[in-house]
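Undergrad: This is the structure I want to talk about, given as structure tokens.
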Amino acid sequence: MKVIVLGAGILGVTSAYQLAKSGHEVTVVDRQPGPALETSFANAGEVSFGYCSPWAAPGIPMKAMKWLFMKHAPLILRPKLDLAMLSWMARMLSNCTSERYAINKSRMLRLADYSRIALAELRTETGIAYDERMQGTLQLFRTQQQLDASAKDVKALAADGIPYEVLDRDGCIRVEPALRHVRDKIVGGLLTPKDETGDCFKFTNALAAKAEALGVRFAYGTTIKALDVEAGRVRGVITARDGDRERERMSADAVVVALGSYSPLLLKPFGISLPVYPVKGYSLTIPITDAARAPESTVMDETYKIAITRLGDRIRVGGMAEISGYTNDLGLARRSTLEHSVTELFPGGDVSKASFWCGLRPMTPDGTPVIGPTRIAGLFLNTGHGTLGWTMSTGSARLIGDLVSGRTPEIDAKDLAVSRYG
């Protein structure tokens with residue numbers, strides 16, 4: 001079939017690669033001049049198969065109220081008269097129950113573990129290098145209360161057969177030796193040893209080159225104006241080249257929407273209500289000046305919800321959740337929070353040399369991505385992965401490859417479809 005993939009981020013490129021391997025004629029359309037130049041550009045670098053949880057969790061409403069008054073808050077809310085924002089927040093709050101948390105986390109862990117297998121096979125198949133490490137994620141607790149609260153995550157990991165280890169202070173230092181300099185600031189941690197790290201931008205660009213070698217065409221600098229739908233079936237996409245007023249119709253037998261936070265805007269005119277909303281995240285990329293004081297893998301600072309990850313000769317510090325709509329402004333206060341977390345746990349780095357970035361994460365109210373067909377024949381979605389697009393990309397791409405091709409997926413994907421929202 002002729003398949004158009006909308007979006008050249010990590011989800012779009014992995015989808016295109018899998019579809020090309022299935023024998024389809026694939027075109028990827030993106031407004032940027034190259035792959036992975038928006039949300040996939042400088043994310044936290046975590047590939048978190050085990051550290052994989054919905055933001056909507058029991059106790060989050062009370063924590064959120066507390067966070068709003070913290071100087072270095074993991075959550076920043078800028079409310080506005082936006083029905084999409086208000087509806088998304090209401091739906092998220094409805095998922096902050098023990099029952100919904102267990103269901104949503106189980107879905108996420110299922111897809112994440114499938115992606116772990118898919119990424120390993122893809123790495124062997126292609127030989128792609130992207131500053132990858134396979135040394136796990138250490139969720140670091142500064143208080144006994146945080147350590148005690150991790151019991152719900154331990155229960156979910158055990159139920160799904162995901163390896164984990166609860167560590168005391170010395171155990172954390174064994175895994176991350178640089179923490180010995182700040183041992184008095186930590187009480188323990190939760191290690192998920194199967195987690196990995198890597199540069200999402202490097203990976204996406206390398207895989208895009210592999211996809212091109214398979215015959216995938218990339219239409220960069222091309223704005224997506226609308227879907228072309230006729231008689232309940234997608235027929236293609238209406239586009240325009242940068243600086244060109246004339247619109248072009250690109251025909252296709254199937255279209256995969258992998259536009260992240262912008263997916264709902266494209267789908268709304270066709271009566272598809274997709275509850276995906278942008279939640280801005282920030283990152284710093286800092287050159288390593290003293291390897292002995294740098295993390296070995298990823299340390300997740302539970303207090304500030306910030307990940308500190310080693311990527312080759314750099315440290316990537318990423319996190320926070322800012323609900324403020326479709327804005328890409330870089331707030332200096334957000335940089336201060338990132339600097340505070342990394343310098344407290346790994347003092348000695350030169351944050352003055354850091355590059356500062358932000359991206360819009362496409363979040364669903366339940367934390368679970370939306371993957372699969374829509375009520376419009378030939379139209380498929382691969383979006384809504386939130387903070388875990390890098391983690392879940394390879395498994396999500398395999399699902400899309402199977403679903404578009406009419407094959408039965410290797411894992412259950414029915415509860416990932418947009419139909420779950422009614």
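Undergrad: Less than 16 Å apart at the alpha-carbon level, and either on another chain or at least 8 residues along: which lysines does that give for LYS210?
TA: Filter leaves LYS21, LYS202.
Undergrad: Per-residue counts of other Cβ atoms within 10 Å, averaged by peptide: what ranking do you get for 131-143, 186-198, highest first?
TA: For the peptides 131-143, 186-198, the packing ranking is 186-198, 131-143.
Undergrad: Bin all alpha-carbon pair distances of region 82-162 at 5 Å intervals from 0 and give each bin's fraction as a whole percent.
TA: Computed distribution, short to long bins: 3, 10, 14, 16, 16, 15, 12, 10, 3, 0.
Undergrad: Of all the accessible heavy-atom surface of the chain, with the other protein chains kept in place and a 1.4 Å probe, what percent is carbon and sulfur?
TA: Ligands and nucleic acids excluded, carbon and sulfur reach 53 percent.
Undergrad: Could you pull out every one of the aspartates and glutamates with an alpha carbon less than 20 Å from that of LYS2, ignoring same-chain neighbours closer than 8 positions?
TA: Answer for LYS2, where 20 Å is the Cα cut-off: GLU25, ASP30, GLU212, ASP228, GLU230, GLU248, ASP253, ASP402, listed by chain and number.
Undergrad: I've got another one for you. Give the lysines reachable from LYS63 as a straight Cα distance under 28 Å; neighbours fewer than 8 places away on the same chain don't count.
TA: Filter leaves LYS71, LYS80, LYS105, LYS152, LYS155, LYS185, LYS280, LYS305.
Undergrad: Could I ask something else about it? For a protection proxy built on the mean count of beta-carbon atoms within 10 angstrom, sort 388-398, 212-222 highest first, please.
TA: Those peptides, ordered most packed to least, come out 388-398, 212-222.
Undergrad: Taking only protein heavy atoms and a 1.4 Å probe, what accessible area per residue, in Å², does the chain have with all protein chains in place?
TA: Working: 16980 Å² over 422 residues.
The answer is 40 Å² per residue.
Undergrad: Next question, about the same structure. Highest first, please rank the peptides 338-350, 242-254, 144-156 by the mean number of other Cβ atoms sitting within 10 Å of their residues.
TA: For the peptides 338-350, 242-254, 144-156, the packing ranking is 338-350, 144-156, 242-254.
Undergrad: Follow-up. Considering Cα pairs under 8 angstrom that are at least six residues apart, work out the relative contact order of the chain and quote it in whole percent.
TA: On the way: 975 pairs, mean separation 112.0, N = 422.
The value is 27 percent.
Undergrad: Pull up the DSSP beta bridges for the chain and report the antiparallel fraction as a percent, rounded to 5.
TA: The antiparallel proportion sits near 70 percent.
The values are calculated or read from the model by the stated rules, or taken from the named source; none is laboratory data. Note that the structure is a prediction, hence the values are computed from the model and not measured. Reconstructed Cβ throughout: ideal geometry from the backbone, glycine too, with neighbour counts over all protein chains shown. With ligands, DNA and RNA removed, areas are computed over all heavy atoms of the protein, side chains included. Shrake-Rupley method; radii C 1.70, N 1.55, O 1.52, S 1.80 Å.
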